[in-house]
Amino acid sequence: MNCLNAKTLSCNQAITESNADGINNASSYCGIKNTAGSLNGFAGRGKEKVYQFSINQTQTVKVDLTGMSSGSDFDLYILSDCDPDKCVASSFNAGTQNETVSPLLSPGVYYAVVESYYDKVGSYTIKASCTAGGGTIPRPRIVMSAGLVSETGQGEISYCDSNFKNMAAMEFSVRSTIQVY
């Protein structure tokens, strides 16, 4: 699953959009596989959209998926990590029925995934209702010191850390000290 383009889902603010520009990166959730000819509510083969939200205190977070357009069929999964098998809650009603989950969550970052059933495309509204200590995902900020810089002001700066591979956005700045030799 790719969470690099996950949209921020701020507490108590609804987002209305379509899955038309979604991507099918995952076809199974919660450890249950969807195989040809086997239909179940835990998996879909359509386009998904990924949202991320954070909470600062243990609380029940209600996530609603409503207003689905005619002919669409979406499922809702709440993940504790950017991994389709890290489910903490799911809802998989048929057709355009609303999907609602209300898990008790500890402080941290979570992902809400709207998964379409097979090739269904349509619009919907998603909202996370947080009762206390809700927030948005802070953008990690990394400050790097420059390496050796020559008289011309030219130098080499490189940074790589695989711990940030699943972060949605990062902000970099360089703190440079020029030393003339």
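The values are calculated or read from the model by the stated rules, or taken from the named source; none is laboratory data. None of the values given here were measured: they were computed from a predicted structure. Cβ sites come from the backbone with ideal geometry, for glycine too, and all protein chains shown count toward neighbours. In case anyone asks, the SASA skips ligands and DNA or RNA and just uses the protein heavy atoms, side chains included. Shrake-Rupley method; radii C 1.70, N 1.55, O 1.52, S 1.80 Å.
Quick look at the numbers
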| item | result |
| --- | --- |
| Options S116, S106, S102: the member that is hydroxyl-bearing (S, T, Y), in contact with a strand residue (DSSP E or B) (Cβ under 9 Å, 6 or more places away or on another chain) and under 20 Å from D21 (Cβ atoms) | S116 |
| Strands (runs of 3 or more DSSP E) fully within segment 59-132 counting 2 or more residues that are without any contact (Cβ under 8 Å) to a residue 60 or more places away in the chain | 74-79, 87-91, 99-101, 108-116 |
| Within segment 133-150, tally of residues that are in a strand (DSSP E or B), modelled with pLDDT under 50 and open to solvent by less than 30 Å² (accessible area, probe 1.4 Å) | 3 |
| Segment 69-125, subset open to solvent by 60 Å² or more (accessible area, probe 1.4 Å) and of a type in the set (G, A, S), residue modelled with the lowest pLDDT | A94 |
